[in-house]
Amino acid sequence: MLREALAARPGQPVPFDELIDAVWGDDKPSNPKGALRNLVQRLRATDQVVTEPAGYRLVLRKPGPHQLPADLPDFVGRTHEIEAALASTAPVLAITGPPGVGKTSLAVHVAHRLSERFADGQLYVNLRAFSPGAPVTPEQAVSRFLRALGAEDVPVELAEQTALYQRMTADRAVLVVIDNATRELIGPLLPAGPSCRVIVTSRTDLPEHEQIRVGVFDHGEAQELLAHLRIGGSRTERAELARLCGHLPLALRIAAANVAHGHLPDYLTELRGDDRLGVLEIEGDAAVWATFDLSYRAQSEAAQRLFRLLGHVPGPDFGVGAATALLGEDATAVLDRLVDANLVQRAGDRYSLHDLLRIFALRLAPPELGRLHDYYLVNADAAGRVLHPEFRRLALPPIADGVPRHDFGDSTEAVAWLEAERASVVAAILAAGDRPVAWLLADAMRAYFYFHSLLVDWVASAQAGLRAARGHRDRAAEAAMRGSLGLAHWRGGQFAQAQAEFEEGIALARELGDEQALGALLINAGIVHWECGRLDAAADALRESLRIIGENPPAVYNLSGIYMDLGPLDLAVSYARDVARLSAEQGISRGKAFAEGHLADAYILIGDVDRATEHLDALVPELDDPALGTVFVIRMFDTRALLDLERGRSAEAEAHAHRSLELAIECEDPKSEGDAHNTLGLAACAQGRADEAVSHHQQGLELCRKVGYLRGEVDALTGLAGAHRALGHLSEAFEHAVEAVTAAERGQLRVRQVPALAELAEIHRAMGDEEEAARTRSRALELARATGRQAWERKLAQPPANGGSTSS
């Protein structure tokens, strides 16, 4: 009933009272707004509902993904199989059979016929379980599905990925096509929703699912295909062609492409030859290989060479740039010829080889991938530098002449190339063994992985790079990969693993005397110390990095953040100003935005409203830069809300905090969601809605504890103490305040401890213990002076009036 009421005015806020009437009518619960909030929280499990100042708004679901490959324009045959597939109601339909019989073509054709039944889109993955090289892992496949469904932060561990995937598909109607799978790879990719369907293709029998077994074409289907492809000759000659191709659809298409450029009787004479078939057997059918070989030999020398090289490409597909790098000249026309001959498949601007043709190509020549690796290296490095020039990178080796270098004019072009080539680059890293390209490519992709939260690919790449470095006994490369892996673990919230990797990397860098590597590793180790509540150790690590590598904006930025928790706040301001200066001097355009954000936050904590406003206003023009990331924008909405509270504009604060919450939920960012709930709690309490404040702070506390976000936990506990005190629940208020003070002390969050102590003093006073209230108030005043919380210092220096409050 609630969803119907919201959906009646999609995208528009519906007032609280109207929703309460729509759901309960005259039989309203005792606390209707509280009940409505609880109902909205339940609805958010399946729909995005945004809290507005006057009501709730249903966000229309975005269009789902459309990942199906293109259907064959000349698809023929399989009438009975198609009827069975369309009539099936099984949650999982398996299409199985030997290689080359057209399982994928049939699955894709059926999926296109079914697609309109699935309003939330179609997902597709080729697991390459039977291809040369390593298959796509379940972690890689599920992470790609999650991103296609809209997830921003994708977990690294398969169990967590699968749980998120189940939640995201529970209420959706999604069609999932899992191509070239084995039994053990399928399970994590199965969606949860009863309205979802799955089509699986495999060479192995899957009797646990409803199954359609596909064999080679019968005589009629083979003739239908040849007729559709306009192959001449007599009926007898076409029948012999089908027989010599083993009635295999793939071989028939390749043969037809050759016959289209020649004479069928001559082609049959060649196909009957047996002088070269002994080493070209597959599945016991030498004639299929003869088809491939004849088509290959009919190509130009350049096309033959490119085809041989393409068989060794480790990724699922490739672009013209990669093919050009391999060939050493523009590959556009050559690729077109191979596509016409059905030796290469094209989907948009990406190309690939069928598994059987890849195996055939692999046997023709040894690998020559140096130029392909050079292409990936030079362009991944260039794209990363466009996006984030401040990242330290390993030096590139000499690059071969003629390797295509893309001119990335802006961050949009850089991201587009990285996104298109990501799967291929990761595959190249994993297939590189102990060659240096493994760690060089992993390092070149690091900034992109970091800012786009591509943790699964990042961890796999860094681990492969680390194995290569250790196998090659390159200590400097090992230190770099330790640092990359540590940063990936930190980004994923695995702080203990991150710290262990950083410590290993720091030890290696000290041993090698590599000051640049040591300085970078110390910065990242400092961040982990900070997250774990070891602020003194964090500051020490960052200061050491500055002594080693000089003035480094990221190190200075993080020092500013640490002193916003540790105090004194004037140091936080000083370091933030240094970030702005250094960023301007070193040409880091986005550094100004980060500096302005920190200055606004610092002055809010100090209590200087005018200066906070000045810096926040200066930041507004910078927010359109996509490289800043959504998390930064979310934080700035929350900062604006906190500033509104300092100015006594609680209604405006609530509106900005709601926007922050909306974005945080959309991006699945639990830390920012927790911050937004805490700010909404303060705004609600300031407007006399203490019961609503309790609800927000409780939600904030649960979110922050779930991810180990101590700063947000302290804020939530302090807010809960204030709201319960306002409601007269002094026992609960006291418990929360004590817990807030203890947690802040444990994490060295001295700046946050000031309001927690002040709130505890007020609770003692409300409980009639004036002596303990005075002692606690004195502690808060002393800490406010030490940390530079000037507004709190002024507030605490004056005796409270009867019934007065110091919460803020």
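The values are calculated or read from the model by the stated rules, or taken from the named source; none is laboratory data. None of these values were measured; they are calculated from a predicted model. Glycine also receives a Cβ, built like all others from the backbone with ideal geometry; neighbour counts cover every protein chain displayed.
Each row is one residue, and each column tells you yes or no for (1) closer than 29 Å to Ala773 by Cα; (2) surrounded by 19 or more Cβ atoms within 10 Å (Cβ to Cβ); (3) modelled with pLDDT of 95 or more; (4) among the charged types (D, E, K, R).
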| residue | (1), (2), (3), (4) |
| --- | --- |
| Phe637 | no, yes, no, no |
| Ala653 | no, yes, no, no |
| His696 | yes, yes, no, no |
| Lys706 | no, no, no, yes |
| Arg711 | yes, yes, no, yes |
| Asp715 | yes, yes, yes, yes |
| Leu720 | yes, yes, yes, no |
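Exactly one residue out of Glu4, Glu83 is within 30 Å of Ala222 (Cα to Cα) and free of Cβ contacts under 8 Å to residues at least 24 places away in the same chain: that is Glu83. If you filter region 82-135 down to residues that are surrounded by 19 or more Cβ atoms within 10 Å (Cβ to Cβ) and either of a type in the set (D, E, K, R) or not assigned by TED's automatic domain parsing to the domain that holds Val177 (or both), you find that the one that is farthest from His312 (Cα to Cα) is Asp120.
Exactly one residue out of Val609, Val573, Val556 is over 32 Å from the mean Cα position of the chain (by Cα), buried (at least 20 other Cβ atoms within 10 Å of the Cβ) and within 29 Å of Glu793 (Cα to Cα), and it is Val573.
If you go through region 121-158 and keep only what is closer than 30 Å to His80 by Cβ and in a loop (DSSP other than H, G, I, E, B), you end up with Gly121, Leu127, Arg128, Ala129, Phe130, Ser131. Can we say Asp179 is charged (D, E, K, R) and out of contact with any Phe, Trp or Tyr (no Cβ under 8 Å at 6 or more places or on another chain)? Taking the combined requirement at face value, the residue does not satisfy it. With respect to the conditions (1) buried (at least 24 other Cβ atoms within 10 Å of the Cβ); (2) among the aliphatic types (A, V, I, L, M); (3) under 27 Å from the mean Cα position of the chain (by Cα), Ala683 falls short on a single one, namely (3). Restricting region 486-524 to residues that are polar (S, T, N, Q) and in a helix (DSSP H, G or I) leaves a set whose member that is farthest from the chain's Cα centre (by Cα) is Gln516.
Yes or no, residue by residue, for (1) in a loop (DSSP other than H, G, I, E, B); (2) at pLDDT below 75; (3) outside the structural domain of Gln166 (by TED's automatic domain parsing); (4) over 20 Å from Gln699 (Cβ atoms):
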{"site": "Gln12", "(1), (2), (3), (4)": "yes, no, yes, yes"}
{"site": "Asp21", "(1), (2), (3), (4)": "no, no, yes, yes"}
{"site": "Asp27", "(1), (2), (3), (4)": "yes, no, yes, yes"}
{"site": "Ser30", "(1), (2), (3), (4)": "yes, no, yes, yes"}
{"site": "Arg37", "(1), (2), (3), (4)": "no, no, yes, no"}
{"site": "Val40", "(1), (2), (3), (4)": "no, no, yes, no"}
{"site": "Thr46", "(1), (2), (3), (4)": "yes, yes, yes, no"}
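When the helices (runs of 4 or more DSSP H) confined to region 206-267 are screened for residues that are at pLDDT 85 or above, those reaching at least 1 such residues are found at 219-228, 235-244. Considering only residues in region 175-205 that are part of a loop (DSSP other than H, G, I, E, B) and touching a Leu at 6+ places or on another chain (Cβ under 6 Å), the one that is surrounded by the most Cβ atoms within 10 Å (Cβ to Cβ) turns out to be Ala181.
Taking Leu569, is it touching a Gly at 6+ places or on another chain (Cβ under 9 Å) and at pLDDT 90 or above? So Leu569 passes the test. Would you say Leu356 is out of contact with any Asp or Glu (no Cβ under 6 Å at 6 or more places or on another chain), over 16 Å from Ala323 (Cβ atoms) and assigned by TED's automatic domain parsing to the domain that holds Leu327? Taking the combined requirement at face value, the residue satisfies it. Residues being closer than 20 Å to Ala683 by Cα and part of a loop (DSSP other than H, G, I, E, B) are represented in region 718-729 by at least one member. Within region 135-185, if we keep just the residues that are of a type in the set (Gly, Ala, Ser) and free of Cβ contacts under 8 Å to residues at least 60 places away in the same chain, the residue that is nearest to Leu106 (Cα to Cα) turns out to be Ala181.
Considering Asp374, Asp340, Asp336, the condition of being among the acidic types (Asp, Glu), farther than 27 Å from Leu418 by Cβ and out of contact with any Ser or Thr (no Cβ under 6 Å at 6 or more places or on another chain) is satisfied by Asp340 alone. Checking each residue in region 327-345 for being over 21 Å from Arg253 (Cβ atoms) and buried (at least 23 other Cβ atoms within 10 Å of the Cβ) picks out only Ala331. Give the residue, chosen from Leu682, Leu661, that is at pLDDT 95 or above and assigned to a helix (DSSP H, G or I). Leu682 is the lone residue from the list that is at pLDDT 95 or above and assigned to a helix (DSSP H, G or I).
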